[in-house]
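Asks: Once you've had a glance at the structure underneath, I'll fire off some questions.
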Amino acid sequence: MTEIIIKDNLLHLRNDHISYIIYVLEGGVPAHLYFGKRVESLNPAAILRHYDLPTDGKWWPHNCALDHTPHEYPSHGLGDLREGALTIRQKDGTRSADLRVTGWEVVDGKPGIPGLPATFGDNAKTLLLHLKDELIGLEATLSYSLFDDVAGVVRSVKLHNASDAELHIERAYSLCLELPDSRYDLITLTGAWSREREMFRRPLVMGEQGVSSLKGATSLHASNMLFLARPETTEERGEAIGAALVYSGNFKASVHVDPGRNSRVFLGINDVDFGWKLAPGETFHTPEAVTVYSDSGLGGMSAQFHRVCAEHLVRGKFAKAPRPILLNNWEATYFGFNEEKLLKIARTAADVGVELFVLDDGWFGHRDSDDSSLGDWYVDTRKLPNGMRHLTDQVHAMGLKFGLWFEPEMISPKSDLYEKHPEWAIHIAGREPIQQRQQLTLDLSREDVQDYVYECVASHLREDGIDYVKWDMNRNFSNIGSALLPADQQKELPHRYMLGLYRVLEKLVNAFPDVLFESCSSGGGRFDMGMLHYMPQTWTSDNTDALCRCQIQYSTSLVFPPFAMGSHVSAVPNHQTGRITPIGTRGNVAMSGCFGYELDLNTLSAEDIETVRQQVKRVKELRNTLLYGDFHRLLSPYEGNDTAWITVSKDKSEAVFMLTRALAKSGTAPVLVKLRGLDENKVYTVLETGESYSGSELMNLGVSVRLPWGDAASVSWTLKAE
Ligand code: DGJ
């Protein structure tokens, strides 16, 4: 149960798992005292002494004290000379703010944030800490929500201009978290196209370190989250803290270690290419940041993030529903399809039990390659002479649902839309637009563009019997300028773009609650908690090579549960790596997510088709466990040749275990893998071998697994409790 205990200026937020403690110092400066495992009480003296602050209450004014105070929401440049979380430019051009506590409120539940994705839930309490800088008339509300079932805190900030002069926000991070030491490893996820979210772990050093994006999106290159683990922390044991941003645009995630070896963590909108004019009476909301704590290793940390995603972030009828097994035509045909070809692929898909046929890029305008037509969302009758409805009706008649690809945020210079509205592209007047993938980005900060984009998608959803949308986004920002924004607000464009996108998505998911949306961005270039609030699944990567996917899915699972990850079986040789892996391995790896196929099944041998049929049948039987069970990483592909994980149903009666070995090795014993998450008092039978083991044996001794012959060998077992 969450409770917020307030006594003698000590604000203690806690639930059964964690405590978060704020101390309002003399003078009203909110100091951060503690975030970690639940404590019954806390005497501020020890932590104040640690920071070399007076413990006798005579805190203010103390020489340079602000420079070593652990702050809740610091601003640089008055007494604190370190990097701050907030920078406000005032009418005289100076840029410091001095926020002091004016009061607080405790509210039941978790408030939303206007215009932004946010966590939700009734089993929460929220502390609203009100602050004000009297000199400049800036009011701030720091919001802290605790859910009963999450070992963590969700934070955001509201800024309000209560003065009669303009204020300019130059930086407003969502999270500042002060930690009283720096004995941590920093783990971040960075990568590239088809190599998303590689996991890097290194010790914190003095100074600044972290990851960021200025690409207008979370990006392929860095994820908007960071993790701190004690050097001795493993998957199962030790302390870990994770912070993830519920946002999809430019971000910064950093840790600053000061000379006292204390750490200050920041997470929020990147302040490069950000600014916000706050007119008198106006309010600005930061995105929210989810911070979790674990004393049971990185696995325990992921369990908290997975619960946030499952219970407090993903909405709508698909949040907990069995996701349809799909077949996507992209790698089967690329742009070269017609109705007949698509129907042939769909027919075989239906025959093996696939449930959803997805038509990817190339169905609109005159798009035979990626050089044209984005923005012209009308059917290309050269390829589909009978129109979209005719195609969807036929696919539906096969017993399949029908899905359609869009890339609504984009405009091709070669398009009718660009002829009509070149000013709708993000651009800088007088400069040659820089193209990526031969396209430009629409200026979604504009309401007319938002409305156009909404209507383009909505009209197809209304008229064409579409059950699923793949919402793609294949380039980043350049020539960052908007035709409508005045000069002193151009820096608002990247964030206004996100607000515009979220407005469109909110409208769409509300208007079409029966449509399943999957987010995509050149693969997993916008895999974040922001998009997940609108779309319950994200295409994890364009790389469908089973061995690469072991790594990508392994590290994606640090924050995201299997139900969030689109994962498909594709053809061999693999289109991204050229590697040939057995179809069984491809299936075993893809099963740990929203399962599907990305190939023309008609090209498979009879034997492989039979394997596909069995895979589809098995996923249908097990998908509740596979998608919504508890996911545990067992063997890391970042540390060796083997990847293993297990998903255990909530009642622990069923589990699916997967082990994949990259390179075959001769002369080695079978792998002995310790399983996790099972009921130690239950006896489990492995359906594939017929052997039975106690849960305690499987988790303490482990199970010995003999892999098939050859590279990329894999087993996937179903465990059933007796
Ligand atoms: C990038 C996506 O990641 C692919 O799956 C595919 O939809 C292409 N775009 C289509 O252009």
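The values are calculated or read from the model by the stated rules, or taken from the named source; none is laboratory data. What you are looking at is a predicted structure, and each value in this text was computed from that prediction instead of being measured. Neighbour counts are summed over all protein chains in view; Cβ atoms, including those assigned to glycine, are modelled from backbone coordinates with ideal geometry. Areas reflect the complete protein model, heavy atoms only, side chains present, ligands, DNA and RNA absent. Shrake-Rupley method; radii C 1.70, N 1.55, O 1.52, S 1.80 Å.
Asks: Name the residues in the range 537-551 that are within 16 Å of the ligand (Cβ to nearest atom) and open to solvent by 10 Å² or more (accessible area, probe 1.4 Å), would you?
Replies: ASP542, CYS548
Asks: One residue is enough: does the range 161-183 have a residue meeting the conditions surrounded by fewer than 19 Cβ atoms within 10 Å (Cβ to Cβ), under 20 Å from ALA240 (Cα atoms) and basic (Lys, Arg)?
Replies: Yes, the range 161-183 has at least one match.
Asks: If you check LEU440, LEU505, LEU485, which single one turns out to be assigned by TED's automatic domain parsing to the domain that holds GLU355 and part of a helix (DSSP H, G or I)?
Replies: LEU505
Asks: May I pose another question? GLY27 passes all but one of (1) assigned to a loop (DSSP other than H, G, I, E, B); (2) within 18 Å of GLU178 (Cα to Cα); which number fails?
Replies: The number of the failed condition is (2).
Asks: Among the strands (runs of 3 or more DSSP E) lying completely within the range 243-357, list those that include at least 1 residues that are more than 17 Å from the chain's Cα centre (by Cα) and not hydroxyl-bearing (Ser, Thr, Tyr).
Replies: So the answer is 251-257, 263-268, 276-278, 283-285, 326-328.
Asks: If you go through the range 554-576 one residue at a time, how many are surrounded by fewer than 21 Cβ atoms within 10 Å (Cβ to Cβ) and in contact with a Leu (Cβ under 8 Å, 6 or more places away or on another chain)?
Replies: 1
Asks: Mind checking which residues of the range 373-390 are open to solvent by 10 Å² or more (accessible area, probe 1.4 Å) and either away from the ligand (no atom under 16 Å from the Cβ) or of a type in the set (S, T, N, Q) (or both)?
Replies: Listed by number, the residues that qualify are TYR378, VAL379, THR381, ARG382, PRO385, ASN386, GLY387, ARG389, HIS390.
Asks: May I ask you to verify whether TYR597 is open to solvent by less than 10 Å² (accessible area, probe 1.4 Å), in a strand (DSSP E or B) and at pLDDT 95 or above?
Replies: So TYR597 passes the test.
Asks: Right, something else. I'd like the full set of residues that are among the hydroxyl-bearing types (Ser, Thr, Tyr) and open to solvent by 20 Å² or more (accessible area, probe 1.4 Å), limited to the range 494-534.
Replies: Residues of the range 494-534 that are among the hydroxyl-bearing types (Ser, Thr, Tyr), as a first pass: 497, 502, 519, 521-522, 534.
Once the filter is applied, which keeps residues that are among the hydroxyl-bearing types (Ser, Thr, Tyr) and open to solvent by 20 Å² or more (accessible area, probe 1.4 Å), the range 494-534 yields only SER522.
Asks: Return the residues of the range 508-536 that are away from the ligand (no atom under 11 Å from the Cβ), within 20 Å of ILE466 (Cβ to Cβ) and either part of a helix (DSSP H, G or I) or of a type outside the set (A, V, I, L, M) (or both); say none if nothing qualifies.
Replies: LEU508, VAL509, ASN510, ALA511, PHE512, PRO513, ASP514, PHE517, MET531, TYR534, PRO536
Asks: So, in the range 396-415, how many residues would count as being in a loop (DSSP other than H, G, I, E, B), closer than 20 Å to TYR468 by Cβ and away from the ligand (no atom under 15 Å from the Cβ)?
Replies: Counting residues in the range 396-415 that are in a loop (DSSP other than H, G, I, E, B), closer than 20 Å to TYR468 by Cβ and away from the ligand (no atom under 15 Å from the Cβ) gives 3.
Asks: Would you please list the contacts, defined by Cβ atoms under 6 Å and residues six or more apart or on different chains, that run from a residue in the range 455-477 that is closer than 16 Å to PHE357 by Cα to a residue that is away from the ligand (no atom under 16 Å from the Cβ) and open to solvent by 20 Å² or more (accessible area, probe 1.4 Å)?
Replies: Between residues of the range 455-477 that are closer than 16 Å to PHE357 by Cα and residues that are away from the ligand (no atom under 16 Å from the Cβ) and open to solvent by 20 Å² or more (accessible area, probe 1.4 Å), the close pairs are LEU461/PHE512; ASP464/ARG389; ASP467/LYS401.
Asks: Can you work out which of the residues in the range 416-442 that are open to solvent by 10 Å² or more (accessible area, probe 1.4 Å) and either among the small types (Gly, Ala, Ser) or within 16 Å of the ligand (Cβ to nearest atom) (or both) is nearest to ILE325 (Cα to Cα)?
Replies: Among those that are open to solvent by 10 Å² or more (accessible area, probe 1.4 Å) and either among the small types (Gly, Ala, Ser) or within 16 Å of the ligand (Cβ to nearest atom) (or both), it is ARG437.
Asks: Continuing with this model, one more query. Looking only at strands (runs of 3 or more DSSP E) that lie completely in the range 620-692, which have at least 2 residues being more than 19 Å from VAL589 (Cβ to Cβ)?
Replies: Where strands (runs of 3 or more DSSP E) fall fully within the range 620-692 and carry at least 2 residues being more than 19 Å from VAL589 (Cβ to Cβ), they are 683-686.
Asks: Ok, one more. Name the residue, out of LEU53, LEU129, that is open to solvent by less than 60 Å² (accessible area, probe 1.4 Å) and outside any loop (DSSP other than H, G, I, E, B).
Replies: LEU129
Asks: I'd like to check something: does the range 346-364 contain any residue that is away from the ligand (no atom under 16 Å from the Cβ), over 24 Å from ASN624 (Cα atoms) and open to solvent by 10 Å² or more (accessible area, probe 1.4 Å)?
Replies: yes
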